[in-house]
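Notes to accompany the following structure.
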């Protein structure tokens, strides 16, 4: 016999787990003990469950396998909730092991007791409390499969602390093979017929192409048929942004000049995207629930395909398999060069022009210099916030890079995501971009980087405000600043206190030389950029927002 905790480690190994992010807790001490002395699973002890969860989500994005997170009961689980929500929003496989009170205490209002099925049931794909140690192997197998099947997402196993010390003889259950649906020949034939009649088709490509190996099929379909490709929010890396077929990135509230051009498409192929409100620009392209043009929607989960849109052709399939098959089956295309040029021109017209500012550096200047000097295979993680718009626009996305961003908009991913990426790819340059707001949410994971020998390069955009909220505030309540100003520390000194090499940039500094030194440093480093709050986003300034409000009669 073995302890249930030891059996759980054996089960994790059988499922291919090699890294566990956690914050320790007394409710799963037996699991921590079972992990003692072994090297097959790298235990990454973090400083906050939110940071640990973000790191696990980033790890899953980078590997395509379930991220693995362990947290204690009650407060630990609640701190981790943001990562579970992000995994659901971003369609990322995540397995969460949560400590639970002992079985004899359940239902008695014990210390930190919670009902996790009720707590996480509205957004986790699977929640199960394992009260019988002999069923632990099958419970883990179910959770692991649930996290990956259909639309990937979070799966939770609650583990009563006394169950983990039970002696068991149960056998390890191997991983359940998750079926991956493929397009039928009938679907491909119909899609080819629809495409043959289209003069202005448009591909909207999403996270279904996050794995670099899947992007060749997207490229073959687009180039073979001359179809412009627009990428979804935080997935600008899936298609070459220098291609004449690039049609822009459908992030938050892109200027109407782009989306109105794309809306002229006479066929939309939505591949690897659930078509949420952001990539569709508020359900405009395509219109919901009845699109104004034929829609081919490809996503592995039939439930998503029938939730909102009435697609002309809904295909429950892995998107790259569909793209590859359609590229082979589609007939010789008509001349679509003019349409592609219009879409590409609308996208290129949005490229921001960095300008000198009075209150700090235009972040675009620094983003452009980092993009110029960084290795082409650098891995980029971006936190949520307006500052990331410059990274999206200035980075030389050529369709091959790895990028990690929070599609669900959660702040705090930038730094723990960079730590996770550096651990997963220790020989690669990893650049983590964060704003001053997100930095102090999960920045304590710099201590985790130092403890584990990770070497991320962190860039902090410090403009003294919650920039995204300030933008909305200036739009709706111009010049009435409330709740968005920040009092920040000296981020360079703060980083140095963790043992990182620290660099700073302010107006008048030598940007090129500082970026060179920052990137050349062999260890973890942080570059703090004193950025302009006037240049509130890559597309608009505070002054412009206030002027628009005056014209609209808001002030």
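We did not get these values from a lab; they are worked out from the coordinates using the rules stated. On a predicted model such as this, the values are computed, not experimentally measured, just so you know. Glycine gets a Cβ as well: all are built from the backbone with ideal geometry, and neighbour counts include every protein chain shown.
If you sort the three axes of the alpha carbon gyration tensor as a ≥ b ≥ c, you get a/c of 1.5 or more for the chain and a/b no higher than b/c, which makes it oblate. Mean separation of Cα pairs under 8 Å and 6 or more residues apart, divided by the residue count, gives the stretch 363-551 a relative contact order of 23 percent.
Relative contact order of the stretch 2-168, please, whole-number percent, based on alpha carbon pairs below 8 angstrom and at least 6 residues apart.
Relative CO of the stretch 2-168 lands at 28 percent.
Label sites at residue 39 and residue 216, each approximated as a point 7 angstrom past Cα along Cα to Cβ, lie 3.4 nm apart. Multiplying the residue separation of residue 359 and residue 308 by 0.36 nm and removing their Cα-Cα distance gives an extension gain of 13.9 nm. Helices in the chain, meaning DSSP H runs of at least 4 residues, each add -39500 (n - 2.57). Divided by all residues, the mean residue ellipticity at 222 nm is -10500 deg cm²/dmol.
Per residue, the average separation of C-alpha pairs within less than 8 Å and at least 6 apart gives the chain a relative contact order of 13 percent. For the stretch 201-267, just say rounded, prolate or oblate: build the C-alpha gyration tensor, square-root its eigenvalues into a ≥ b ≥ c, call rounded for a/c under 1.5, and beyond that prolate if a/b exceeds b/c, oblate if not. Since a/c reaches 1.5 but b/c is at least a/b, the shape of the stretch 201-267 is classed as oblate. The simple Förster model, with R0 at 60 Å and r as the Cβ-Cβ distance, assigns residue 131 and residue 335 a FRET efficiency of 0.35.
Modelled spin-label separation between residue 444 and residue 482, with each label point placed 7 Å from Cα along the Cα-to-Cβ direction: 3.2 nm. As a size descriptor, the averaged projected area of the C-alpha convex hull of the stretch 414-512 was calculated at 7.7 nm². Go ahead and collect, in residue order, the members of the stretch 263-283 whose backbone nitrogen is under 16 Å from a label point 7 Å along the Cα-Cβ direction of residue 552. Flagged as within label range: 282.
Note on the stretch 126-183: Rg/Rh from Cα positions, Kirkwood definition for Rh, rounded to two decimals, is 1.05.
Derived from the Cα gyration tensor, the three semi-axes of the equivalent ellipsoid of the stretch 363-551 are 28, 17, 16 Å, largest first. Per the Debye formula on identical point scatterers at the alpha carbon atoms of the stretch 35-131, with no solvent, log10 I(q)/I(0) at q = 0.17, 0.23 Å⁻¹ is -0.78, -1.24.
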